[in-house]
Amino acid sequence: MNKIAIVIVLGGLAGLTACTKVEGSGGTSSVTGTVQGRTYSSSGGESAEQEITQAILPEGSAISDGDYILLNTPNGGTLYYVWFKWVNGVQPDPGLSGRTGIQVDFDFSESNTMVATSMLAALNANASADFTFSVNNDIITITNIATGEVADADELSSNILIDIQNQGGGATAGSSSFTEEPMVDERVYLIYGGEGFYSESVRTDADGNYQFTGLNRGNYTIYAFTEDTLNLGGTLTQVETTVNIAEKKQVVTASELYIIK
């Protein structure tokens, strides 16, 4: 009887030993860091700018049947609304007056990247005359073809997040300058381990600082978006850094992220 008890206890201990944590949420450690950068401004004039918008798509379960966002063009161009129709939904087309509707079919079971793929296809099919599009996992970058001032895209009350990466503007005579400063209210993304897309995002505070909390031990990638200075047309690219959390309750400081806007 005693031998049986010992075997059971040892088996239980072996099971506990084999249970290991992987990168992700649920732990007691955290990662902190800072986003610094260079912000260009004009004095006495401005160059023509294209409006660049990013739409960050959630999972299908976070989108309501009939949700929509607004997209705009400069100089009295076509105005759009992009609305999301569940494949078995009953909500009708919002039919917004003065705007062209773009329907995105989705299912509540779809991942955020699947929803982004569906939205990208709908945009390419219906609005390529006014915008160019690119996708990075669940983030769609929408660039106005025409330069000029544009009313910012609006997510309204939906769970689709809208970020304005570059404000559109017309060209005027003058000179430009830049300042080196902490990047305030900048979105920063965190990738768990070797995953191919981010799992969390936060915004920087007034000093350009950010923090991800409640993390397990493991490897993480942190990134933000910057203007690609090697390409014209407001192209964005990622700047990233990696960290390793080796202990519980550890606070790891990531190397600085530097971006240009």
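The values are calculated or read from the model by the stated rules, or taken from the named source; none is laboratory data. Keep in mind that this is a model prediction, so the values were computed, not measured. Cβ atoms come from the backbone with ideal geometry, glycine included; neighbour counts cover every protein chain shown.
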In the list Gln91, Gln103, which residue meets the criterion of being surrounded by fewer than 18 Cβ atoms within 10 Å (Cβ to Cβ) and within 21 Å of Thr143 (Cα to Cα)? Gln103
Right, Gly60: in the same structural domain as Ala125 (by TED's automatic domain parsing) and either more than 27 Å from Val184 (Cα to Cα) or touching a strand residue (DSSP E or B) at 6+ places or on another chain (Cβ under 8 Å) (or both) or not? yes
Residue in region 205-219 that is within 24 Å of Asn136 (Cα to Cα), of a type in the set (Ser, Thr, Tyr), within 13 Å of the chain's Cα centre (by Cα) and assigned by TED's automatic domain parsing to the domain that holds Gln36 present: no
Whichever residue in region 62-78 is crowded, with 16+ Cβ neighbours inside 10 Å and in contact with a Ser or Thr (Cβ under 8 Å, 6 or more places away or on another chain) and, among such residues, is farthest from Glu155 (Cα to Cα): Pro74
Considering only region 100-113, I want to know if a residue exists there that is over 20 Å from Ile52 (Cβ atoms), over 23 Å from the mean Cα position of the chain (by Cα) and not assigned by TED's automatic domain parsing to the domain that holds Phe225. yes
Cβ pairs under 9 Å, 6+ apart or interchain, first in region 125-144 and in contact (Cβ under 8 Å) with a residue 40 or more places away in the chain, second among the acidic types (Asp, Glu), ordered by first then second residue, are Asp138/Glu59; Ile139/Asp163; Ile142/Glu51; Thr143/Glu51; Asn144/Glu51; Asn144/Asp130
So Tyr40 clears everything in (1) in a strand (DSSP E or B); (2) closer than 30 Å to Gly194 by Cβ; (3) in contact with a Lys or Arg (Cβ under 9 Å, 6 or more places away or on another chain) except one condition, right? Which one? (2)
Considering residues that are surrounded by fewer than 20 Cβ atoms within 10 Å (Cβ to Cβ) and touching a Gly at 6+ places or on another chain (Cβ under 8 Å), the number found within region 113-129 is 1
Taking region 189-200 and keeping only residues that are surrounded by fewer than 16 Cβ atoms within 10 Å (Cβ to Cβ) and over 12 Å from Glu23 (Cα atoms), one is left with Gly196, Phe197
